[in-house]
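A.B. asks: Quick one: this structure, given as structure tokens, is what I'll be asking you about.
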Amino acid sequence: MSVKKDSKLKKVCFHLFLIISVIIALYPALRVFGTSLRPDNALHSTSLAIIPKHATFAAYKELIFEKNFLIWLRNSFLVTLFTVIVGVSLAATAGYVFSRKKFPGRKAGLTFFLITQMFPSTMLLLPMYLLLAKFGLTEQQQLIPFLGLAKAHLGLIIMYSSTALPLCVWQMKGYYDTIPESLEEAALVDGLNQFQAFYKIILPLAKPALVITALFSFMTAWNEYMVARVVMTDNNLYTLPVGLTNLAGQFNTAWSQFAAASVMIMLPVMAIFLILSRYLVGGLTLGGVKG
Amino acid sequence: MNKENDESFKSGSLALKSFWRQYKFSYLMLLPAFIVVLFVVIYPFFYNFRLAFSNLNMYNMRQFIKSGKLTYIGLSNFSEIITQSSFWIILLRTIIWTVINVIAHLTFGIIYALILEHDLMFKPIYRTLLVIPWAIPQYIVVLIWKGMFNFRYGAVNLLLRRFGIPGVAWLSQAGTGFSAALIVNIWLGIPFMMMIALGGLQSIDPNFYEAAEIDGASNWQQIKHITLPLLKPVMAPAVILGVVWTFNNLRVIYLLTQNTLTNKIDILVTHVYRSAFEFYKYGYAAAFSVIIFIILFIWAITFIDYIGEN
């Protein structure tokens, strides 16, 4: 389809439409950036301009040196890191057998993973919260003091890596489906066992899907707010989303600080997205469902 | 007779052995994922069922944590929910919310994907920038939009006033608040559908279009008779997930209405979340969650059947 030639007029219309869309897509992010640069006395401005008059980085300074921002950042980073590691390894192995092997329970398993997506988050959140409370995993006690990993963080990691899991499994399966089976057959003939064939031959080829799966788990953990809000009570244990919304919920909201924090949280995610965007089209194979 | 029995027993254990040998690899590979899902999804699922029949609330919570004792009250949580008139209003609102959102996501997602399939300058740049709404953490997006819907200083009203339209008090009435929530969520969900549709378009064999071209089919005819039907199997799983996610979308409405329109435009999940974690009606919330799950489950089964028949 892309080889077709369009008339000049049509092209101009497309560009116009796309440019307007891009502005709408970008404006909120730019707006936050603008707000973060505003001096305190200009918070209520009625200008639509992005960069305010007398722009200043004061909010960033305040945030980093006077608030708990760096501690929240570390907490979020730890929780996210472990979630990604657990999520990707589980999805890579489970997705592989769902794609390649015929075994009793295969179809039921796949359907089951899809059904778990239908559970309203409150349905798991409430029992999980009570369970975590019973096992003491909502406690603010430090688990690994050196890292600052608390018991409550462990609870979050367990919840995040499993809530993203069904989607990741489907996603990995969809991609494995596109890799020809003859590759493993050749590897088995060459004397590798099944696991080695998976690990040495197929896994490196599935890199784009692994990247997307990692991205999914990363987004789940980095952006999650509703669960963390319930589990975390101590300011020092907050992950970024909880810390940030508390900042915004205070009686006298420091909007420029809130905006500055948003920018610092957004930037890594956006950077990762931009870097990985070439993987997104090829690697997102949720639609590739073959039986 | 005896010998036969012996034989069948032998072949039985042999069958089991060969069964294990044949599938060992598959099951071992699945085991880690299964264990995690068992603890975090299946166990809480049944636990939730137990809670749904109990009267657990903030008064007997402490005791429950200590001793694990629950007082069961049968189906009264369920009957309480279904007999409330507010339940049916919220259900209707949730359905409207889901239908409008998913239709908008699909339509825009496919339109953008179709445009981006054309031979345009800066195509990769457009594609990358259009994904941005997906890349920004949702809770930040919602809080930003909340600021943009502010009556006096919000960007939305400032823009309207530029065009001579009087500003709207977005977040002070249920109707406008709901429209605001719809705008935010539609804006959020388009990139995902766009990426799925783009992936689907790439898998369509270009020969189809060439053949259609030779037969003299117009652009629109090609889209209608080739692109959309071939896109259908690719979009179906995305639609299922889209509906489920939108139906269960807690964040957008919860954060947008916090401190302003609190519980005026609740959908089912936000209502449950509030009942559980703001009013501490745990048993009631658990029963409500079960009802939501049943609704979604029935819908999904009918939809999958419908897709299968076509």
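The numbers here are math on the coordinates, done by the rules we state, and not lab data. Quick caveat: nothing in here was measured; it's all calculated off a predicted structure. When we count neighbours, we look across all protein chains shown, and the Cβ atoms used for this are built from the backbone with ideal geometry, even at glycine.
A.B. asks: For segment B:1-110, state what percent of all Cα-Cα pairs lands in each successive 10 Å bin, counting from 0 Å until the bin that includes the largest distance.
C.D. replies: Using 10 Å bins, I get a P(r) of 11, 16, 19, 21, 18, 12, 4, 0 for segment B:1-110.
A.B. asks: How big is the equivalent ellipsoid of segment B:80-187 along its three axes, where each semi-axis is √(5λ) from the Cα gyration tensor, reported in whole Å from largest to smallest?
C.D. replies: 30, 22, 13
A.B. asks: Within 10 Å of each Cβ in peptide A:13-22, how many partner chain Cβ atoms are there on average? Round it to a whole number, please. Before the final figure, lay out the partial values.
C.D. replies: On the way: counts 1, 7, 5, 0, 4, 11, 3, 0, 8, 7.
Average per residue, whole number: 5.
A.B. asks: Take each of the peptides A:221-228, A:176-183, average the number of other beta-carbon atoms within 10 Å over its residues, and list them starting from the highest.
C.D. replies: A:221-228, A:176-183
A.B. asks: Taking only the alpha-carbon atoms of segment B:224-310, what semi-axes of the equivalent ellipsoid follow from 5 times the gyration tensor eigenvalues under a square root, in whole Å, largest first?
C.D. replies: Sorted largest first and rounded, they come to 33, 17, 7 Å.
A.B. asks: Determine, for B:Ser11, A:Ser36, the number of other Cβ atoms within 10 Å of each Cβ, and report the residues in order from fewest to most. Walk me through the intermediate numbers first.
C.D. replies: Numbers: B:Ser11 11, A:Ser36 25.
So the residues, fewest neighbours to most, are B:Ser11, A:Ser36.
A.B. asks: Moving to a separate point now. Rank the residues A:Glu62, B:Glu210, B:Glu309 as a footprinting-exposure proxy: fewest other Cβ atoms within 10 Å of their Cβ go first. Walk me through the intermediate numbers first.
C.D. replies: Numbers: A:Glu62 16, B:Glu210 11, B:Glu309 6.
So the residues, fewest neighbours to most, are B:Glu309, B:Glu210, A:Glu62.
A.B. asks: Hydropathy first: keep DSSP H helices in chain B averaging at least 1.0 on Kyte-Doolittle, then drop any whose Cα extent along the axis falls short of 18 Å, and list what survives.
C.D. replies: B:85-116, B:174-202, B:228-247, B:282-309
A.B. asks: How big, in percent, is the set of alpha carbon pairs in chain B lying more than 27 Å apart?
C.D. replies: Cα-Cα pairs in chain B separated by more than 27 Å: 62 percent.
A.B. asks: How many nm is it between the label spots at B:Phe46 and A:Ser7, if each spot is 7 Å from the Cα in line with the beta carbon?
C.D. replies: Label-label distance for B:Phe46 and A:Ser7, simple model: 6.7 nm.
A.B. asks: Something else: What do you get when you divide the Cα radius of gyration of segment A:67-283 by 2.2 N^0.38 Å, with N the number of residues?
C.D. replies: My calculation over the Cα atoms of segment A:67-283 gives 1.16.
A.B. asks: Please find, in a Gaussian network model of chain B (springs between Cα atoms separated by less than 10 Å), the residue of B:Phe247, B:Phe25, B:Phe178 whose mean-square fluctuation is greatest.
C.D. replies: For chain B, modelled as a Gaussian network with Cα springs under 10 Å, the answer is B:Phe25.
A.B. asks: Moving to a separate point now. Which values of log₁₀ I(q)/I(0), to two decimal places, follow from the Debye formula for segment B:79-136 at q = 0.23, 0.24 Å⁻¹ with a uniform point scatterer at every Cα?
C.D. replies: The Cα Debye sum returns log10 ratios of -0.94, -0.97.
A.B. asks: May I pose another question? Mind listing the Cα extents of the protein assembly as shown along all three principal axes, in Å, largest one first?
C.D. replies: Largest first, the protein assembly as shown extends 95, 76, 53 Å along its Cα principal axes.
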